[in-house]
Amino acid sequence: MTDLEWVRFGTSTWTYEGWQGQVYLRTYVKTAFAPECLGGYCQYLYKGHPLFRTVGNDATFYRPPSANQLTRYLTQIPEDFHMCFEVWEELTIPIYAKHAPYGPRAGQVNPNFLNAEAFNTLVLQPYRDAHFGPNAGPFLLEFQRHGMPAEEFLDKLDVFLSRLPTDFRYAVEIRNAGLLGERYHDMLTAHGVAHVYNHWCAMPPLAEQHQRLDTFTAPFTVLRLLTPLKMTYEAAKKRAEPYDKIVGELLEMRQDAVNLIRQATREGRSTYVLVNNRAEGNAPLTIQALVDRL
């Protein structure tokens, strides 16, 4: 198999109206764009072949999808297409941020942090009800930067992962670089869970993340190319808008991503690569550049 047969490229989400004329070639009524454009996304071709074989769903970070919503996705995606869902933040934040949307919970300890029973019943059950399993990529457990001691966090995560059902796949994305090490690696490996190699402002380069881990931790791996390193989310957003062109090539990111894909492929592991507009300005063009390198 070639590298491209082992890798699934996609964007962090798919509902960018600015991609009309680039990814989306039909005209949508404004109210119909978001509910209907997934089909157009899946049909987008590069050099005669579908470019996107996966996509991220970041909306599910804020609330779990219903079975009906998942069924609607199934009507628009090809049989071999995988969607990677971010896990509901209610299960992945130890303390609610002091932000107005959290209301009286702001600043309080989250009692549902890493609650495996809640994850199984509130998050996973709709996927079973909609028979979405064959089209589910790894579930992405994104942990924002937090002040919890490393050992306490890893203890809780270890227990949580041990209680997860095995009919789905999981990947962990951390934003605390200090967690990258032997215990984190061995814990993920024991549970068959992937580390998400995230190119994000406060994390080390992708190659350094892999160096700290030494080996992949699951039969698959996940790369999320999110923002330039050492650049805030707000600055990356301002730099990239309106997301219609490459505003700055991240050559180290591209080469590190290609190297990880090639190594995973040599080892018989599949790779999911999810690219955000805020990395280089236009995620589809970044993906095309990666495809050309492979």
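For this structure, a couple of remarks:
- Size of charge dipole - the chain - debye, nearest 20, with Cβ of Lys, Arg +1 and Asp, Glu -1, no other charges: 600
- Neighbour cut-off at most 14 other Cβ (10 Å), DSSP loop, trypsin sites (Lys or Arg not before Pro), region 1-52: R26, K47
- Calculated mean residue ellipticity at 222 nm for the chain: -9500 deg cm²/dmol, from DSSP H runs with n ≥ 4 weighted as -39500 (n - 2.57), summed, divided by the residue count and rounded to 500.
- In a fully extended conformation the segment linking R163 and D214 would gain 15.8 nm over its present Cα-Cα distance, using 0.36 nm per residue.
- Taking GluC sites (Glu not before Pro) across region 113-166, none is in a DSSP loop with at most 14 further Cβ atoms lying within 10 angstrom of its Cβ.
- Amide H to amide H, with H built 1.01 Å from N, Y170 comes under 5 Å of F139, A194, counting only residues 5 or more places away or on other chains.
- Inter-probe distance in nm under a simple model that places probes 7 Å from Cα toward Cβ, at K47 and A202: 3.9
- Heavy atoms of the protein chains alone define the surface here; on that basis region 48-115 has 52 Å² accessible area per residue at 1.4 Å probe size.
- Looking at region 63-124, the trypsin sites (Lys or Arg not before Pro) that sit in a DSSP loop and have at most 16 other Cβ atoms within 10 Å of their own Cβ are K98.
- Residue (of P228, Y184, T217) at the positive-pole extreme of region 156-272, dipole from beta-carbon charges: P228
- Diffusion coefficient, µm² s⁻¹, Stokes-Einstein with Kirkwood Rh over alpha-carbon pairs of region 167-294 at 20 °C and 1.002 mPa s: 144
- Computed in the context of the full set of protein chains, the accessible area of region 88-242 at 1.4 Å probe radius has 53% of its extent on carbon or sulfur.
- Ranked by how many other beta carbons lie within 10 Å on average, peptides 274-281, 255-262, 178-185 from highest: 274-281, 255-262, 178-185
- Region 1-81: translational diffusion in µm²/s, Stokes-Einstein, Kirkwood Rh over Cα pairs, 20 °C, 1.002 mPa s: 156
- Rg(Cα)/(2.2 N^0.38 Å) for the chain, N = residue count: 0.97
- Of all aspartates and glutamates in the structure, the ones whose alpha carbon falls short of 12 Å from that of K47, not counting any fewer than 8 places away in one chain, are D292.
The values are calculated or read from the model by the stated rules, or taken from the named source; none is laboratory data. In this text the structure is predicted, and so the values were computed from the model without any measurement. Glycine gets a Cβ as well: all are built from the backbone with ideal geometry, and neighbour counts include every protein chain shown. SASA here: full protein model, heavy atoms, side chains in, ligands and nucleic acids out. Shrake-Rupley method; radii C 1.70, N 1.55, O 1.52, S 1.80 Å.
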